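Take a look at the structure below.
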Amino acid sequence: MRSAAGPRGRGPLRSASYGAEAAEALGLDPRRVFKTLVAEVDGTPVLAMVPVAHTLDLKALAAARGGKRAVMADPAAAERLTGYVTGGISPLGTRRRLPVVVDASVLGHPTVFCSAGRRGLQMELAPADLIAAAAATTAPVADA
């Protein structure tokens, strides 16, 4: 695990784009750092993971889940569902087991980073390990 706070004790991340700030603070390629977003597909909660340099394509997410319509979950609802604070939502260990869709670009990296459950704390995993641990599926769900 790596912390964006670093050895000099840099304070907690405060940006609206926590993942991008963490990638920069850790000197990581933002295509290898994945953010975990909470959305709803036809009213059913789902976690979607995309590189921090990209946005979530809601139409693609709906299609990946076999649904018609996807919308972003309200931040307060996301926190209640996962047990994590916004900006620190991990795909692992959520309060309630949710389906997870990871952008297919994950397969192009030897390892990737995702939130370890706290803003600025990232864990490094092989894509196959992330997919297995989260019982995730992969699909092209990131916008350019």
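The values are calculated or read from the model by the stated rules, or taken from the named source; none is laboratory data. As the structure is a computational prediction, the values presented were derived from the model and not from experiment. Cβ sites come from the backbone with ideal geometry, for glycine too, and all protein chains shown count toward neighbours. Remember, those area values only see protein heavy atoms, side chains included, never the ligands or the DNA or RNA. Shrake-Rupley method; radii C 1.70, N 1.55, O 1.52, S 1.80 Å.
Quick notes on this one:
For (1) among the aliphatic types (A, V, I, L, M); (2) in contact (Cβ under 8 Å) with a residue 12 or more places away in the chain; (3) at positive phi; (4) out of contact with any strand residue (DSSP E or B) (no Cβ under 8 Å at 6 or more places or on another chain), each residue gets a yes or a no:
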position: 44; (1), (2), (3), (4): no, yes, no, yes
position: 47; (1), (2), (3), (4): yes, yes, no, no
position: 59; (1), (2), (3), (4): no, no, no, no
position: 65; (1), (2), (3), (4): no, yes, no, no
position: 75; (1), (2), (3), (4): no, no, no, yes
position: 78; (1), (2), (3), (4): yes, yes, no, no
position: 91; (1), (2), (3), (4): no, yes, no, no
position: 98; (1), (2), (3), (4): yes, yes, no, no
position: 101; (1), (2), (3), (4): yes, yes, no, no
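- Residue list for the range 104-127, restricted to those being open to solvent by 70 Å² or more (accessible area, probe 1.4 Å) and either in a helix (DSSP H, G or I) or closer than 17 Å to residue 57 by Cβ (or both): 107
- Selection status of residue 81, outside any strand (DSSP E or B) and either over 11 Å from the mean Cα position of the chain (by Cα) or hydroxyl-bearing (Ser, Thr, Tyr) (or both): yes
- Any hit, the range 61-76, residues being at pLDDT below 95 and not hydrophobic (A, V, I, L, M, F, W, C): no
- Residues of the range 15-53 satisfying the condition of being within 18 Å of residue 104 (Cα to Cα) and open to solvent by less than 10 Å² (accessible area, probe 1.4 Å): 33, 34, 38, 39, 46, 47, 48, 49, 50, 51
- Residue 28 falls short on exactly one of the conditions (1) free of Cβ contacts under 8 Å to residues at least 60 places away in the same chain; (2) touching a strand residue (DSSP E or B) at 6+ places or on another chain (Cβ under 8 Å); (3) not in a strand (DSSP E or B), and that condition is (1).
- Test for residue 100: is it modelled with pLDDT of 95 or more and either among the aromatic types (Phe, Trp, Tyr) or open to solvent by less than 30 Å² (accessible area, probe 1.4 Å) (or both): yes
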